[in-house]
Every structure is written in C-alpha cells, then in structure tokens.
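The values are calculated or read from the model by the stated rules, or taken from the named source; none is laboratory data. Keep in mind that this is a model prediction, so the values were computed, not measured. Positions of Cβ are backbone-derived with ideal geometry, glycine not excepted, and every protein chain shown enters the neighbour counts. Please note that ligands, DNA and RNA were not included when accessible areas were found on the heavy atoms of the full protein model with its side chains. Shrake-Rupley method; radii C 1.70, N 1.55, O 1.52, S 1.80 Å.
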Amino acid sequence: MPIVTIQQGPRDIELKRDLVARVTDAFVDALHIPAEAVQVWIHEVPADSWGVAGKLTVDK
C-alpha cells in the first residue's frame, strides 16, 4: 500500500481534494493497483514555520 506524504503550506480544501484525486490516479495508473490501496497524507506547514533561501515564507 503506497503512502504519499505531501508537505506544503495551507491550501483551500477544494485544491486539496483535487490534489489527492490526482495523486491517487497517478499511482493507480503507474502501479496498476486499486485506488483503495493508496493513502495520501497532507502535512500543512504554516508560513511562519517554513523557510526558503534563508527566509521564512511569511516574510516574502
């Protein structure tokens, strides 16, 4: 059973629904497994807890 973990900043619920569906479809197509075998975990990190290029993303 594949478990996919996605780390990202907070997103709208509709975008997350679409993301989970697309990731699941990709695994179903690539591995020829049922959708029920795919788990997608979204770990949302606040902008004040994530840095890029030496700066917090909240400061960009």
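General observations
- Contact annotation: residue pairs with Cβ atoms under 8 Å, 6 or more positions apart or on different chains, pairing a residue in the range 15-36 that is among the polar types (S, T, N, Q) with a partner that is part of a helix (DSSP H, G or I), are T24/A35.
- Looking across the range 17-40, the residues that are among the aliphatic types (A, V, I, L, M) and within 11 Å of the chain's Cα centre (by Cα) come down to L19, V20, A21, V23, V40.
- The set of residues in the range 46-57 that are in a helix (DSSP H, G or I) and without any contact (Cβ under 8 Å) to a residue 12 or more places away in the chain comprises D48, S49.
- Residues that are within 12 Å of I3 (Cβ to Cβ), open to solvent by 50 Å² or more (accessible area, probe 1.4 Å) and part of a helix (DSSP H, G or I) within the range 23-45 comprise just one, F27.
- Being open to solvent by less than 80 Å² (accessible area, probe 1.4 Å), within 14 Å of the chain's Cα centre (by Cα) and of a type outside the set (G, A, S) is a property that I13 lacks.
- When M1 is tested against (1) open to solvent by 90 Å² or more (accessible area, probe 1.4 Å); (2) modelled with pLDDT of 95 or more; (3) in contact with a helix residue (DSSP H, G or I) (Cβ under 7 Å, 6 or more places away or on another chain), only condition (2) is not met.
- Scan of the range 46-60 for residues that are closer than 13 Å to Q7 by Cα, open to solvent by less than 80 Å² (accessible area, probe 1.4 Å) and not small (G, A, S), ordered by number: P46
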